[in-house]
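Participant: Pasting in a structure now, in structure tokens, and then I'll have a few things to ask.
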Amino acid sequence: MHVQDAMKTRKSVRSYQSRSVEKDKVDRILEAAHIAPSAMNLQEWRIVVVTDSSTIRKIVEGAVPSQKFIAETPLLFVCCAETDKANMKCGHPRYAVDLSIAVDHMMLAAVEIGLGTCWIGGFTQQPVKDILNIPEEIEVFALLPVGYPDDPSAAAKRRKSIDEIVCYDTWNF
Ligand SMILES: Cc1cc2nc3c(=O)[nH]c(=O)nc-3n(C[C@H](O)[C@H](O)[C@H](O)COP(=O)(O)O)c2cc1C
């Protein structure tokens, strides 16, 4: 699959089959994070792979109770950063940018092998730390449920027009 096709096919999946994800597929997604670029090549990402269904349920109940669909997934990547929380010279936090790139790599790698994902930012960090014994100084950045989608068809993308988000040569919005 071409990268552009993976980007076009990817959608947020909020309904999963109970079927588990094969180990080689888990490894393939992890490889996508592993090879992602990062500021100063610091690779601050740390990923906890959770496959135990009762642990996934506990995380959902404790950290993201309003998004129960996550408890259906057989696989949850808890994407963290071990970081000094420094900003880059441009003012943006380095770890947040690096983690975003890595998680996006993971989502696209998942699409290529027939899996669905949904980036979860709407969660509380502390319960996740407590349940997974994650040290206090670590940032829990995103939850990424992964599984076989109930509906694997592509979805229409609801996006602004290109003209609304791009201009040329000078700011012209
Ligand atoms: C940083 C970020 C945080 C998100 N948090 C959530 C979330 O907590 N729950 C959820 O269901 N979707 C979440 N999403 C998914 C977005 O709602 C989704 O990407 C957007 O509506 C576009 O739809 P699509 O992913 O199907 O193209 C998040 C996406 C991003 C990039």
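The values are calculated or read from the model by the stated rules, or taken from the named source; none is laboratory data. Given the structure is predicted, the values throughout are model-derived calculations rather than measurements. Neighbour counts run over all protein chains shown; Cβ positions are idealised from the backbone, glycine included. What goes into the accessible areas is simple: the full protein's heavy atoms, side chains included, and nothing from ligands, DNA or RNA. Shrake-Rupley method; radii C 1.70, N 1.55, O 1.52, S 1.80 Å.
Participant: Counting only DSSP beta bridges with both residues in region 3-165, what percent are antiparallel, rounded to the nearest 5? Present the calculation step by step, with values, prior to reporting the outcome.
Facilitator: On the way: 18 of 19 bridges.
Bridges in region 3-165 are about 95 percent antiparallel.
Participant: Let me ask something else about it. With a 1.4 Å probe and every protein chain kept in, tell me what percent of the accessible surface of region 3-165 is carbon plus sulfur.
Facilitator: 52
Participant: Follow-up question, since we're still on this one. As a test of the formula, what do you get for the chain when each DSSP H run with n ≥ 4 contributes -39,500 (n - 2.57) and the sum is divided by the residue count, at 222 nm and rounded to the nearest 500 deg cm²/dmol?
Facilitator: -10500 deg cm²/dmol
Participant: Shape of region 101-167 from its Cα gyration tensor (a ≥ b ≥ c, root eigenvalues): rounded if a/c is under 1.5, otherwise prolate when a/b > b/c, or oblate? Walk me through the numbers before you get to the answer.
Facilitator: Details: a/c = 2.61, a/b = 1.53, b/c = 1.70.
Taking the square roots of the gyration eigenvalues as a ≥ b ≥ c, region 101-167 is oblate.
Participant: Can I ask one more? How about region 18-93: which GluC sites (Glu not before Pro) there are in a DSSP loop, with at most 16 other Cβ atoms within 10 Å of their Cβ?
Facilitator: Answer by residue number: Glu22, Glu82.
Participant: Also: What does the extension gain come out to for Gln43 and Asp169, with contour length at 0.36 nm per residue minus their alpha carbon separation? Walk me through the intermediate numbers first.
Facilitator: On the way: separation 126, 0.36 × 126 = 45.36 nm, distance 3.37 nm.
Length difference between fully extended and current span is 42.0 nm.
Participant: Could you check the spin-label model distance between Glu136 and His2? Points 7 Å from the Cα along Cα→Cβ, value in nm.
Facilitator: The answer from the label model is 5.2 nm.
Participant: For region 1-63 and region 78-119, what is the separation of their Cα centres, given in Å?
Facilitator: So the two Cα centres are separated by 10 Å.
Participant: What accessible area per residue comes out for the chain, rounded to a whole number of Å², with a 1.4 Å probe?
Facilitator: On the way: 10070 Å² over 173 residues.
Here the per-residue accessible area is 58 Å².
Participant: Oh, and also: How far apart, in nm, are the 7 Å Cα→Cβ label points at Gln67 and Ser12?
Facilitator: About 0.7 nm, to one decimal.
Participant: Determine the shape class of the chain: with a ≥ b ≥ c the square roots of the Cα gyration tensor eigenvalues, call it rounded for a/c under 1.5, and otherwise prolate if a/b is greater than b/c, oblate otherwise.
Facilitator: Oblate, because a/c is 1.5 or more while a/b does not exceed b/c.
Participant: Report, ordered by chain and residue number, the lysines lying within cross-link reach of Lys68, taken as a straight Cα distance under 28 Å and ignoring same-chain residues fewer than 8 apart.
Facilitator: Straight-line reach from Lys68, under 28 Å: Lys8, Lys11, Lys23, Lys25, Lys58, Lys129, Lys157.
Participant: Could you list the residues of region 1-40 with an amide nitrogen less than 19 Å from a label point located 7 Å from the Cα of Asp150 in the Cα-to-C-beta direction?
Facilitator: 11-21
Participant: So, one more: Run through region 92-162 and list the trypsin sites (Lys or Arg not before Pro) located in a DSSP loop whose Cβ has at most 15 other Cβ atoms within 10 Å. Display every interim value, and only then the final one.
Facilitator: Details: sites: Arg94, Lys129, Lys157, Arg158, Arg159, Lys160; in loops: Lys157, Arg158, Arg159, Lys160.
Passing sites in region 92-162 are Lys157, Arg158, Arg159, Lys160.
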